């Protein structure tokens, strides 16, 4: 089975993750995905042969709309999602404004914004498509994610290297997923 199909099957077989995707889909936000740890943790748990994969401490919902960039809109969306499912800690960010925080040129889409994330394995997202299928966005592919490789994206190799190193330290992923291979840009 190819990695795309494997990820789609993993999400489809996880009632908790599928429920989250349906809540987000019901909002009908433009260019909207559930991303980062939501996908990454599910794959890493599967690769570590865990039968259960809890949701991460926050569920990252990304979307893209240049006409609605006020952070207040994200707060209202989070409230709507909490109303739909208060058991989830929702984190909603319109990627049309995140270039300002990241010191980048404006992004053209949510998927382009994911290219500015620290790790290749984190830059993965899923959503329910209009036909009901699980769609996947992974601008760096799925190999690192499924091969348990934590590798910095290009921006985090040099000019944002310390951010990457600090993130590795704070996330302490090896405690939860000991088979991960951590790359510092010069190995793996």
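Each reported figure results from applying straightforward, stated rules to the coordinates on display, with no laboratory input. Note that the structure is a prediction, hence the values are computed from the model and not measured. Here the Cβ positions follow ideal geometry from the backbone for every residue, glycine too, while neighbour counts run over all protein chains shown.
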**Request:** Any chance you could count how many residues in segment 2-28 are out of contact with any helix residue (DSSP H, G or I) (no Cβ under 7 Å at 6 or more places or on another chain) and in a loop (DSSP other than H, G, I, E, B)?
**Result:** 3
**Message:** I'm told residue 82 meets every condition in (1) surrounded by fewer than 21 Cβ atoms within 10 Å (Cβ to Cβ); (2) touching a residue at least 60 places away in the same chain (Cβ under 8 Å); (3) more than 29 Å from residue 161 (Cα to Cα) except one. Can you identify the failing condition by its number?
**Reply:** (2)
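Residue-wise test of (1) within 19 Å of the chain's Cα centre (by Cα); (2) farther than 22 Å from residue 48 by Cα.
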position: 86; (1), (2): no, yes
position: 94; (1), (2): yes, yes
position: 111; (1), (2): yes, yes
position: 128; (1), (2): yes, yes
position: 144; (1), (2): yes, no
position: 148; (1), (2): yes, no
position: 158; (1), (2): no, yes
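Tell me the strands (runs of 3 or more DSSP E) entirely within segment 76-188 that contain at least 2 residues that are in contact with a helix residue (DSSP H, G or I) (Cβ under 6 Å, 6 or more places away or on another chain) and more than 19 Å from residue 58 (Cα to Cα).
134-137
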**Fill in**
Of the residues in segment 29-38, those that are within 21 Å of residue 141 (Cα to Cα) and assigned to a loop (DSSP other than H, G, I, E, B) come to 31, 32, 36
**Fill in**
Considering residues that are surrounded by fewer than 18 Cβ atoms within 10 Å (Cβ to Cβ) and without any contact (Cβ under 8 Å) to a residue 24 or more places away in the chain, the number found within segment 20-53 is 5
**Asked** When the residues of segment 56-75 are filtered to those that are in a loop (DSSP other than H, G, I, E, B) and in contact with a helix residue (DSSP H, G or I) (Cβ under 6 Å, 6 or more places away or on another chain), which remaining residue is nearest to residue 129 (Cα to Cα)?
**Response** 64
